[in-house]
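The values are calculated or read from the model by the stated rules, or taken from the named source; none is laboratory data. Quantities reported herein were computed from a predicted structural model and do not represent experimental measurements. Every residue, glycine among them, receives a Cβ derived from its backbone with ideal geometry; neighbour counts consider all protein chains shown. Just so you know, the surface numbers come from the protein's heavy atoms only, side chains and all, with ligands and any DNA or RNA stripped out. Shrake-Rupley method; radii C 1.70, N 1.55, O 1.52, S 1.80 Å.
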Amino acid sequence: MDIVDIDENAGRDMEALEASAIATEQFKKFNKKYVETKDKLNNTFGKILNKNINKNEVEHMVEESWNMLGKNYNSYNMLGMLYSMHSYSDTTYMHCMNVGMIASLIGKWLGWPAHEIKVLNACGMFHDIGKLMISKDIIDKPGKLTPQEYRTMQAHTVKGYELLRDMGLDPRIVNCTLMHHERCDGSGYPLGIKGDKIDAYSKVVAIADVYEAMTANRVYRGPICPFDVIAQFETEGFQMYETEYLLVFLQNIVDSYLHTDVRLNNGERAEIILINRQRGSKPVVMTTSGKPVDLSREPGLRIEQVYD
């Protein structure tokens, strides 16, 4: 009888290749839908600005965005694919679409019913429409805004609210254009309201908005590492954002990076192997040299870059 050696590693390599092929195909489909939907959203925004659109057309756009999420919109896979979308040039309508998808994921993690998550998606999608009424010289300014320019930028909340107010849309969508920069401690704008006076949907979108904006490219800076953003939420966020929503968001967002390759600020490359529940921004990593490192016990060490 002939004896055949079985290479177990070859089997695992084949499984990895198959998984990679499936992931690549999923990304291609997602990318195609994403580009199509962002073009339609751009067209919808233009019609709203020109007051050349009716409520039914806007609601059709809401359906288009909702359908793009598909059946697996709660998967961490989508976060990875969405993170890859940051390679596109940053524009207001793309930011809005991304915030809508992240807000939908937060709603899913919170256990909200599908009809409320659908509203969340729409809230995120339209939250920054008022920015299209702000001068591009201010929106695209590479340096720090002057106090007057910052006040002008803040006005996008009121402008967006006024733009949508009389269209007969769901009031939660309209309110979100006004309230997404309000903070639970009263430090936000334009009204400076606190706690329960802020619409629940706006509270969710506020978290999604900050996370998306900070991890995306901007004309005045490159993308901030997600773990630096998570660290900022951990140190400053619990007084500014709804505690329940932020806790659920942070837990799930750090889980989405498990087994991701990263670079530490000492130049070493590593893989995230264990999430720290007390400090999500400081997981346990395995360096390429085979050494496990608990970042929560290394004050000067942090994740500097996440690889796609």
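Applying a 4.7 Å cutoff between beta carbons, the unpaired cysteines of the chain are Cys96, Cys184, Cys225. Is the shape of segment 203-273 rounded, prolate or oblate, going by the alpha carbon gyration tensor and its root eigenvalues a ≥ b ≥ c, with a/c under 1.5 for rounded and a/b larger than b/c for prolate? Cα axes put segment 203-273 in the oblate bin. Residues within the reach of a label modelled at Asp166 (point 7 angstrom out along Cα to beta-carbon, backbone nitrogen below 13 Å), restricted to segment 36-69, are 51-52. To the nearest 10, the accessible area of Met133 is 90 Å² with a 1.4 Å probe. For the residue pairs Lys32/Lys197; Lys47/Lys197; Lys38/Lys108; Lys131/Lys203; Lys55/Lys108, the alpha carbons lie more than 29 Å apart in Lys32/Lys197; Lys47/Lys197.
In a DSSP loop and with at most 16 other Cβ atoms within 10 Å, the trypsin sites (Lys or Arg not before Pro) in segment 238-294 are Arg277, Arg279. A cut-off under 13 angstrom between Cβ atoms defines the neighbours of Tyr241, and their net charge, with Lys, Arg +1 and Asp, Glu -1, is -4.
What is the ratio of the Cα radius of gyration of the chain to 2.2 N^0.38 Å, with N the residue count, to two decimals? Write down the numbers at each step before the final one.
Working: Rg = 21.2 Å, N = 308, 2.2 N^0.38 = 19.4 Å.
Ratio of Cα Rg to 2.2 N^0.38 Å: 1.09.
Let me make sure I get this right: for segment 91-240, a, b and c are the square roots of the gyration tensor eigenvalues over alpha carbons, sorted descending. Under 1.5 in a/c it's rounded, otherwise prolate if a/b > b/c, else oblate. Which is it? Because its axes are fairly even, with a/c under 1.5, segment 91-240 counts as rounded.
Assign one of three labels to segment 188-308, namely rounded, prolate or oblate, based on the Cα gyration tensor with a ≥ b ≥ c the square roots of its eigenvalues; rounded applies when a/c is under 1.5, prolate when it is not and a/b is larger than b/c, and oblate otherwise.
Values: a/c = 2.60, a/b = 1.88, b/c = 1.38.
The shape class here is prolate.
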